[in-house]
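**Q** Provided herewith is a single structure, encoded as structure tokens, for subsequent inquiry.
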Amino acid sequence: MTTLASLKRPLVTTGIYTALLSLVFILFSWKHNTAADIFIALPYFVVLYFMLFSLGKPAVSDWLRKSMKADIRRVFLFPLLLVLLYFSYVGFNKQNPLQGTLFLVPYLLFFPVMAFAARANTNAKLDWLDFSVFVLFFFPVTLIDAKPSGNLPFNGGGFDSVYRITVMLAAVFAFVTVRHIRDVGFYPVFKWKYLFTVVWVWMAFYVFVFIIGWSVDFIKLRNEDAVPVFITSKVARSLLSVFLHTALFEEFVFRGLLQNMLAKRIGQSGSWKTFWIWGLVILTAVSLLTGYALNGTMQWFPALVTVLLCAAAYGMERKGKTTMGVYTALAVTSVIFGLVHAHAGSIIFVGLASIGGWAYGYVYLKTGNVFYAALLHALVNTTPLLFGLELAK
């Protein structure tokens, strides 16, 4: 049973992580933003990241769930708090909180929470209602361009935005606390073993990608004579910015939720082969269409990657050394992850993004933690800057 006393340690560690990140926020923002912008953003930064680092922890989530007592009026308070935080931040920065598409923000923050709160039994096995809520929430999130998004700091911040953080918080609260999916792993934790896993997967992935990318002129060296390693404040800032702004959100969506939920659903069905066959057929067809819809050669490359990833999943499932459906879910999620990167306009990039999705998903399987998958994601995205590489997107 979770009590207030049992929350002391997770909340103290969360406070430490938040304090350290806040110091970095001030350090990186000081030269590029006014003191007024920084000090307006700082209270929001601290509150939002404290919630982001703590809400997904099982002890905190269980305590909140117990405190709400399935009372929809109490559940209602959390998305209301998020709406107030977002609109007040926009208002303090002298922007109209009701302009443009901002009137849709309350829907995005309330919808997943209230959808699961209205469910009769949130302890039931995962079903297609859960996936429907997932799609109906995250699909609009990717389409709606909320402006102002509430950058931190407001005028040219590089530490994510209030909008994106509140969207993640709404999703974590909805899926982890209200829907009670306890093993999403959306909270920071430090373990050397997990860090080592990230490092070796990162190195193995980029060696593999470099070989492919170099052979098809997708990757080039800015300096043809050497492969330098540029460890500068610019690299550090870029790594942190990618981690907080892009990687953490995408890994939460694709690994913490989609891959996790799909693996559970396949396990419940008792037959991974059915999901594997449908995934192979549908995703190969979509990958082939995507390849031929983009400009360039090697239109078959995304489809080839799809087949190879599904083949790898098939072999792992046949061995039966892990929970049924885990690798099928990994392959399906990886290919979907690659396909949504078709907006980059590069056939090669789509295929490599699918391979990247497998790497991120593998780290998630080994660590059970979204933050380590996001760390790998951030390292991969920062590698061209780190090693002086140029990608031909």
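The values are calculated or read from the model by the stated rules, or taken from the named source; none is laboratory data. What you are looking at is a predicted structure, and each value in this text was computed from that prediction instead of being measured. Here the Cβ positions follow ideal geometry from the backbone for every residue, glycine too, while neighbour counts run over all protein chains shown. With ligands, DNA and RNA removed, areas are computed over all heavy atoms of the protein, side chains included. Shrake-Rupley method; radii C 1.70, N 1.55, O 1.52, S 1.80 Å.
**Q** Quickly run through segment 79-95 and pick out the residues that are outside any loop (DSSP other than H, G, I, E, B) and open to solvent by 30 Å² or more (accessible area, probe 1.4 Å).
**A** Leu80, Leu81, Leu84, Phe87, Ser88, Gly91, Phe92
**Q** Looking at segment 234-305, what helices (runs of 4 or more DSSP H) fall wholly within it and have at least 2 residues that are open to solvent by 50 Å² or more (accessible area, probe 1.4 Å)?
**A** Hits in segment 234-305: 260-269, 272-293.
**Q** Next up: Is segment 57-76 home to any residue that is touching a Phe, Trp or Tyr at 6+ places or on another chain (Cβ under 7 Å) and in a loop (DSSP other than H, G, I, E, B)?
**A** Of the residues in segment 57-76, the ones touching a Phe, Trp or Tyr at 6+ places or on another chain (Cβ under 7 Å) are 57.
From the residues that got through so far, the ones that are in a loop (DSSP other than H, G, I, E, B) too are 57.
Looking through segment 57-76, at least one residue is touching a Phe, Trp or Tyr at 6+ places or on another chain (Cβ under 7 Å) and in a loop (DSSP other than H, G, I, E, B).
**Q** Sticking with this structure for a sec: Going by the structure shown, is Arg119 among the basic types (Lys, Arg) and surrounded by fewer than 20 Cβ atoms within 10 Å (Cβ to Cβ)?
**A** yes
**Q** Quick one: Gln99 ticks every box in (1) open to solvent by less than 40 Å² (accessible area, probe 1.4 Å); (2) in a loop (DSSP other than H, G, I, E, B); (3) not basic (Lys, Arg) bar one, so which box is it?
**A** Among (1) open to solvent by less than 40 Å² (accessible area, probe 1.4 Å); (2) in a loop (DSSP other than H, G, I, E, B); (3) not basic (Lys, Arg), Gln99 violates only (1).
**Q** Could you tell me whether Ala311 is open to solvent by less than 60 Å² (accessible area, probe 1.4 Å) and farther than 24 Å from Val253 by Cβ?
**A** Yes.
**Q** Return yes when Val184 is over 28 Å from Lys234 (Cα atoms), open to solvent by less than 10 Å² (accessible area, probe 1.4 Å) and touching a residue at least 24 places away in the same chain (Cβ under 8 Å) and no when it is not.
**A** Details: over 28 Å from Lys234 (Cα atoms): yes; open to solvent by less than 10 Å² (accessible area, probe 1.4 Å): yes; touching a residue at least 24 places away in the same chain (Cβ under 8 Å): yes.
So Val184 fits the description; yes.
**Q** On the basis of being touching a Ser or Thr at 6+ places or on another chain (Cβ under 6 Å), aliphatic (A, V, I, L, M), within 22 Å of Phe186 (Cβ to Cβ) and open to solvent by 30 Å² or more (accessible area, probe 1.4 Å), does Leu64 make the cut?
**A** yes
**Q** Anything in segment 35-54 that is buried (at least 22 other Cβ atoms within 10 Å of the Cβ), aliphatic (A, V, I, L, M) and within 14 Å of Phe159 (Cβ to Cβ)? List them, or say none.
**A** Of everything in segment 35-54, those that are buried (at least 22 other Cβ atoms within 10 Å of the Cβ), aliphatic (A, V, I, L, M) and within 14 Å of Phe159 (Cβ to Cβ) turn out to be Ala41, Leu48, Leu52.
**Q** Are any of the residues in segment 361-381 of a type in the set (Phe, Trp, Tyr), in a helix (DSSP H, G or I), open to solvent by 30 Å² or more (accessible area, probe 1.4 Å) and in contact with a Phe, Trp or Tyr (Cβ under 8 Å, 6 or more places away or on another chain)?
**A** No, the conditions are met nowhere in segment 361-381.
**Q** Name, by its number, the condition in (1) of a type outside the set (D, E, K, R); (2) more than 26 Å from Gly368 (Cβ to Cβ); (3) in a helix (DSSP H, G or I); (4) open to solvent by 30 Å² or more (accessible area, probe 1.4 Å) that does not hold for Phe25.
**A** (4)
**Q** So, Phe137, is that one open to solvent by less than 60 Å² (accessible area, probe 1.4 Å), farther than 23 Å from Ile40 by Cα and of a type in the set (Phe, Trp, Tyr) or not?
**A** Spelling it out, Phe137 is indeed open to solvent by less than 60 Å² (accessible area, probe 1.4 Å), farther than 23 Å from Ile40 by Cα and of a type in the set (Phe, Trp, Tyr).
**Q** Name the residues in segment 119-162 that are part of a loop (DSSP other than H, G, I, E, B) and either hydroxyl-bearing (Ser, Thr, Tyr) or under 30 Å from Phe275 (Cβ atoms) (or both), would you? Don't jump to the end; show me each part of the working.
**A** Filtering segment 119-162 down to residues part of a loop (DSSP other than H, G, I, E, B) leaves 119-127, 144-150, 152-160.
Residues satisfying the conditions are Arg119, Ala120, Asn121, Thr122, Asn123, Ala124, Lys125, Leu126, Asp127, Ser149.
**Q** Now for a separate question. Given (1) in contact with a helix residue (DSSP H, G or I) (Cβ under 6 Å, 6 or more places away or on another chain); (2) under 25 Å from Thr367 (Cα atoms), identify the lone condition not met by Ile347.
**A** (2) is the only condition that Ile347 fails.
**Q** Hey, another quick one. Report every pair of residues separated by at least 6 positions or lying on different chains whose Cβ atoms are under 6 Å apart, first residue within segment 30-51 and more than 23 Å from Leu169 (Cβ to Cβ) and outside any helix (DSSP H, G or I), second at pLDDT 90 or above and not charged (D, E, K, R).
**A** Asn33/Pro153
**Q** Okay, moving on. With the condition kept exactly as written, say whether any residue in segment 292-305 is among the aliphatic types (A, V, I, L, M) and under 21 Å from Val253 (Cα atoms).
**A** Checked segment 292-305: no residue is among the aliphatic types (A, V, I, L, M) and under 21 Å from Val253 (Cα atoms).
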